[in-house]
Structures are given as structure tokens and as C-alpha cells.
Amino acid sequence: MAEVKKVLFLCTGNSIRSQMAEGLLNALGSGQWKVQSAGVFPSYVHPLAIRVMEEIGIDISQQTSKPVDQFINEKFDDVITLCDYAAQVCPNFPGQGKRLHWPFEDPAAAIGTLEERLAVFRRVRDEIKTKMEEFIKSESSEIPDPIASFKF
């Protein structure tokens with residue numbers, strides 16, 4: 001059985017991008033990851049984030065917005081920031097694995113009609129999903145195949 005990797009997604013408010021990333025990796029990761037998300041200034045899970053994730057069959061309605069300080073003493077294989085602010089002010093996680101930065105537009109800043117705002121949320125969701133699929137593929141290729149390394 002493959003080792004479960006721990007991933008922490010960080011954003012400013014832990015309301016949209018990091019919540020979507022958490023939901024996506026949980027849904028797409030085939031149980032290979034233990035996933036958390038947190039924010040520098042946690043707030044709430046944005047209703048439009050819940051709505052656009054629901055559209056692709058992923059329920060994040062039970063996820064909660066959490067402070068990054070809650071995880072400061074935990075060990076993670078990957079700490080991934082999803083916005084520039086979190087990347088700048090995020091505390092160090094001593095002895096941790098990779099620190100990655102995936103900057104995405106903040107859908108909370110979208111203006112216009114509900115449909116125009118939803119279009120921004122959907123676009124960012126899809127961008128995160130694409131990045132997540134690349135991440136899963138690259139991380140899976142790093143896991144050694146025990147059968148391939150066995151000498152016959």
C-alpha cells in the first residue's frame with residue numbers, strides 16, 4: 001500500500017481557492033493524500049465556491065475555514081500557497097517537504113451579475129483542477145513502483 005502524503009493548501013481567507021483545492025485533491029487523489037486547507041485570515045467557505053464545486057460533483061459544503069496557526073506544528077509533504085499574499089506572509093513549516101506556489105485569481109474580487117461572477121468562479125475552479133491533475137500525475141510518477149524495482 002502506498003504511503004499517504006500530507007498536503008496543506010493555503011490562501012488568505014481559506015474561503016474559495018484553498019477550499020476548492022482541498023475538495024479537488026480529496027476527490028481526484030484516490031486516497032493518496034491527506035488534505036487540509038487553511039488561511040492567514042480565515043473567514044467562511046464562500047457559497048459560490050460550494051455551488052461551482054457542486055456542479056462538478058464535489059461537495060465542499062461541510063469544509064470549514066481554518067487558521068494556518070492550527071497546522072504550524074504538523075508535518076506536511078507539500079505546503080501549497082494559492083495566492084500571493086499567503087505566499088508572502090505564510091509562516092515557515094520547519095522540516096517540511098516541498099513549498100509550492102500556485103497563484104490563481106481571487107474569485108471574490110469578481111464583479112457583475114451573478115452569472116458573470118459564477119463564470120469567474122468556474123474558470124478559477126477549472127484552472128485549479130487542471131493544476132491539480134498535473135500535480136497528481138507528477139507526484140504519482142515520483143512514487144517508486146516496488147514491483148519494477150524487484151530483481152527477478
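Within segment 101-132, work out how many residues are loosely packed, with under 15 Cβ neighbours inside 10 Å and of a type in the set (D, E, K, R).
Count: 4.
Which members of segment 45-60 meet the condition of being in contact with a Gly (Cβ under 8 Å, 6 or more places away or on another chain) and either in a loop (DSSP other than H, G, I, E, B) or modelled with pLDDT under 95 (or both)?
Passing the criteria: Ile58, Asp59, Ile60.
Taking the stated definitions as given, is Glu74 closer than 27 Å to Gly112 by Cβ and charged (D, E, K, R)?
In short, no.
Output the residues belonging to segment 33-58 that are of a type outside the set (A, V, I, L, M) and in contact with a Ser or Thr (Cβ under 7 Å, 6 or more places away or on another chain).
Within segment 33-58, Ser37, Gly39, Phe41, Pro42, Ser43, Tyr44, His46 meet the criteria.
Would you pick out the residues in segment 25-44 that are part of a loop (DSSP other than H, G, I, E, B), under 25 Å from Asp84 (Cβ atoms) and of a type outside the set (A, V, I, L, M)?
Phe41, Pro42, Ser43, Tyr44
Considering (1) assigned to a strand (DSSP E or B); (2) touching a residue at least 40 places away in the same chain (Cβ under 8 Å); (3) surrounded by fewer than 23 Cβ atoms within 10 Å (Cβ to Cβ), say which one Gly13 fails and leave the rest.
(1) is the only condition that Gly13 fails.
Each row is one residue, and each column tells you yes or no for (1) modelled with pLDDT of 95 or more; (2) in a loop (DSSP other than H, G, I, E, B); (3) among the basic types (Lys, Arg); (4) under 20 Å from the mean Cα position of the chain (by Cα).
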residue	(1), (2), (3), (4)
Gln96	no, yes, no, yes
Leu100	no, no, no, yes
Arg117	yes, no, yes, no
Ile128	yes, no, no, yes
Ser138	no, no, no, yes
Pro146	no, yes, no, no
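Mind telling me which of the residues Ile56, Ile72, Ile60 ends up being crowded, with 20+ Cβ neighbours inside 10 Å, in contact (Cβ under 8 Å) with a residue 12 or more places away in the chain and of a type in the set (Val, Ile, Thr)?
Ile60
The values are calculated or read from the model by the stated rules, or taken from the named source; none is laboratory data. These figures come from a predicted structure and were not determined experimentally. Note that we place each Cβ from the backbone using ideal geometry, even for glycine, and neighbour counts take in every protein chain shown.
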